[in-house]
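Peer 1: There's a structure below that I have some questions on.
The values are calculated or read from the model by the stated rules, or taken from the named source; none is laboratory data. Just so it is clear, the structure is predicted and the values come from calculations on it, not from any experiment. Cβ placement follows ideal geometry from the backbone for every residue including glycine, while neighbour counts extend to all protein chains displayed.
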Amino acid sequence: MIDELDVPVTLASRNGSVRLRGASQDDLDAIVALLSDDPVSAGRGDVAAAEDRGLYLRGLLRTLDSESNDVLVVESDDRVVGTMQLTVIPGMARRGSTRLLVEAVRVASAERSAGIGAAMMSWVADVAAPAVGASVVQLTSDAARTDAHRFYTRLGFVDSHVGFKLAVPR
């Protein structure tokens, strides 16, 4: 999908510009660090344990190999400070609409409130969604993430659905 997205691109944040680009295998440790820098994710097991590195690598490579998925990272001063996964979902509902699903949005805790997340999500809505032919941008957010819910609402997202999950053995 990355070919349709025209990255890398410069985004503006309150602290200056950041660079949004496609992730690579070299970004694995930085992405895992962002996932574990979040109490909700850490509570689900994303604790950046060395013995889990192979699982994360497999997940990253599978995602990057998929034509419908991509992982992006945001760099500031040559350090990865943000990440997100995008998935294109063609569908039958909404008169055959395509959706762009945004998952695993993370900004380093030291960089939050600098406008990086808002810049990322604006780029998704204004650039990525049209580029992949999506008429809907959707995301899910853990019920415990009340700050994130206020953030997404401020950006114009509507909490329109109730989500359900079922954990199955691996």
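Peer 1: If you scan segment 121-141, which residues turn out to be in a loop (DSSP other than H, G, I, E, B), exposed (fewer than 15 other Cβ atoms within 10 Å of the Cβ) and under 17 Å from the mean Cα position of the chain (by Cα)?
Peer 2: Listed by number, the list holds a single entry, Thr140.
Peer 1: Then there is this: It is to be established whether one or more residues within segment 148-159 are in contact with a helix residue (DSSP H, G or I) (Cβ under 7 Å, 6 or more places away or on another chain) and under 23 Å from Ala42 (Cα atoms).
Peer 2: Checked against the condition, which is being in contact with a helix residue (DSSP H, G or I) (Cβ under 7 Å, 6 or more places away or on another chain) and under 23 Å from Ala42 (Cα atoms), segment 148-159 yields at least one hit.
Peer 1: Run down Leu60, Leu35 and say which single residue is in contact (Cβ under 8 Å) with a residue 40 or more places away in the chain, under 20 Å from Glu103 (Cβ atoms), surrounded by 15 or more Cβ atoms within 10 Å (Cβ to Cβ) and touching a helix residue (DSSP H, G or I) at 6+ places or on another chain (Cβ under 8 Å).
Peer 2: After applying the criteria, what remains is Leu35.
Peer 1: Working only within segment 87-127, note down all residues that are more than 20 Å from Asp142 (Cα to Cα), touching a helix residue (DSSP H, G or I) at 6+ places or on another chain (Cβ under 8 Å) and among the hydrophobic types (A, V, I, L, M, F, W, C).
Peer 2: Result: Val88, Val127.
Peer 1: Considering only segment 95-104, I want to know if a residue exists there that is farther than 17 Å from Trp123 by Cα and assigned to a strand (DSSP E or B).
Peer 2: yes
Peer 1: Hey, another quick one. Please verify whether Ala118 is assigned to a helix (DSSP H, G or I) and modelled with pLDDT of 95 or more, treating the condition exactly as stated.
Peer 2: When the stated conditions are applied, Ala118 passes them.
Peer 1: Determine whether segment 8-20 contains at least one residue that is of a type in the set (Ser, Thr, Tyr), at pLDDT 95 or above, closer than 15 Å to Arg79 by Cα and not in a strand (DSSP E or B).
Peer 2: No, that holds for no residue.
Peer 1: Can you tell me which residues in segment 107-142 are touching an Asp or Glu at 6+ places or on another chain (Cβ under 8 Å), more than 22 Å from Val158 (Cβ to Cβ) and not hydrophobic (A, V, I, L, M, F, W, C)?
Peer 2: The one that is touching an Asp or Glu at 6+ places or on another chain (Cβ under 8 Å), more than 22 Å from Val158 (Cβ to Cβ) and not hydrophobic (A, V, I, L, M, F, W, C): Ser109.
Peer 1: Looking at Thr83, is it surrounded by fewer than 21 Cβ atoms within 10 Å (Cβ to Cβ) and part of a strand (DSSP E or B)?
Peer 2: For Thr83, the condition - surrounded by fewer than 21 Cβ atoms within 10 Å (Cβ to Cβ) and part of a strand (DSSP E or B) - is not met.
Peer 1: Moving on. Could you tell me which numbered condition Arg53 fails, if it satisfies all but one of (1) surrounded by 12 or more Cβ atoms within 10 Å (Cβ to Cβ); (2) part of a loop (DSSP other than H, G, I, E, B); (3) of a type in the set (D, E, K, R)?
Peer 2: (2)
Peer 1: In the set Ser141, Ser109, Ser160, Ser97, which member is in contact with a Phe, Trp or Tyr (Cβ under 7 Å, 6 or more places away or on another chain) and either among the small types (Gly, Ala, Ser) or modelled with pLDDT of 95 or more (or both)?
Peer 2: Ser141
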